[in-house]
1. Using Cα pairs under 8 angstrom and six or more residues apart, how large is the relative contact order of region 186-301, in percent?
2. Relative contact order for region 31-174: what is it in percent, counting Cα pairs under 8 Å that are at least 6 residues apart?
3. Angle check, please: helix 54-71 long axis (alpha carbons) against the longest principal axis of the chain (alpha carbons), in degrees 0 to 90, nearest 10.
4. How big is the convex hull of the Cα atoms of region 129-223, per residue, in Å³?
5. With labels modelled as points extended 7 Å from the Cα through the Cβ direction, what inter-label distance (nm, one decimal) is found for ARG105 paired with SER22?
6. Provide the solvent-accessible area of TYR138, counting protein heavy atoms only and rolling a 1.4 Å probe, rounded to the nearest 10 Å².
7. Among DSSP beta bridges lying fully in region 71-170, give the percent that are antiparallel, nearest 5.
8. Given Cβ point charges of +1 (Lys, Arg) and -1 (Asp, Glu) and nothing else, what value in debye, to the nearest 20, does the dipole of the chain about its Cα centre take?
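The values are calculated or read from the model by the stated rules, or taken from the named source; none is laboratory data. Note that the structure is predicted; figures quoted are calculated from it, not measured. For neighbour counting, all protein chains shown are included, and Cβ atoms are generated from backbone atoms with ideal geometry for every residue, glycine included. Just the protein is used for accessible areas: all its heavy atoms, side chains included, with ligands, DNA and RNA removed. Shrake-Rupley method; radii C 1.70, N 1.55, O 1.52, S 1.80 Å.
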Amino acid sequence: MLAGAAVLTAGLLVFHRLVPNSAGRTGSLLEVFLPWLGLPALVLLVPALLRRSALALVALLLPVVAWTYLFGGLFLPAGESGARELVVVQHNVSDVNTDPAGTARALAAARPDLIALEELVPAALPVYERTLAREYPYHTVRGTVGLWSRHPLTDARTLDIRPRDITGPWSRGLRAVVHTPYGEVAAYVAHLPSVRVGARGLTSARRDESAGLLGEAVAAEPLGTAILLGDLNGTVDDRGLSPLTSRMNAARRGFAFSFPAGFPLARIDQVMARSATVTAISTLPATGSDHLPVTARITLR
């Protein structure tokens with residue numbers, strides 16, 4: 001039984017794409033928590049040692065090797081900062097955040113080049129603008145998402161990623177050109193629809209549709225270098241985000257679990273890049289939001 005459980009865990013790690021999504025999007029639900037499949041191997045190790053079962057111990061090597069192959073590289077050092085590098089911060093600030101000024105100061109303390117925010121509400125927006133104005137003189141806001149920059153911004157526009165069944169006001173995407181010291185970069189900020197886990201599984205149809213629209217926009221981007229910052233309500237392993245992960249790369253170093261802030265279980269706040277490399281990602285201390293901020297280093301080519 002121990003050996004069988006170990007083989008099953010290894011199989012889920014390696015062949016997670018084969019788990020069907022037809023019933024309650026079971027495959028996506030598994031992929032959201034895929035890194036946590038390392039825990040069963042540790043749990044199974046105790047009875048395997050107590051029973052002195054050589055078969056179980058050998059079988060346990062399978063999930064250990066599989067997990068290390070998939071996620072072990074995220075623990076490696078990120079290396080020194082490069083010459084052509086941008087530092088970015090991504091944060092869903094929460095529409096019920098009672099301390100927007102403190103949140104803005106905490107994000108600016110990381111001294112990034114770009115700050116992307118989601119769930120901006122009219123009452124808090126002036127506070128973010130006022131608090132960030134000195135160090136981030138360039139900014140653009142579309143609906144509930146915004147981008148603050150140390151470098152000039154041009155060609156800012158709303159990005160239509162609204163699912164078809166949402167008919168009311170809904171603006172949660174933008175695109176702008178950042179004029180960095182290393183050339184022009186297209187910056188996308190997005191907040192994809194929320195997902196819920198219930199008796200019927202994962203409800204992610206709207207999120208998946210919105211991810212598809214965002215992926216099409218990135219594919220049509222005329223600038224060579226593009227970066228995406230946003231609350232994507234999914235992990236990079238989740239097949240629902242494949243329209244994005246198939247076109248852009250994610251962080252090579254760091255887990256940066258960002259949600260929920262009180263006990264982070266997954267990173268749903270993402271930084272991705274095309275024709276650039278996200279070399280490392282990490283979390284910042286908690287703010288007044290239910291998400292943790294994430295900061296990432298992006299090396300431009």
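1. Result for region 186-301 is 23 percent.
2. Values: 159 pairs, mean separation 22.1, N = 144.
About 15 percent, as a whole number.
3. Approximately 10 degrees, to the nearest ten.
4. Dividing the Cα hull volume of region 129-223 by its residue count gives 128 Å³.
5. Between ARG105 and SER22, the simple spin-label model gives 5.7 nm.
6. 90
7. 65
8. Values: 28 positive and 23 negative charges, 109 e Å.
Using only the charged Cβ atoms, the result is roughly 520 debye.
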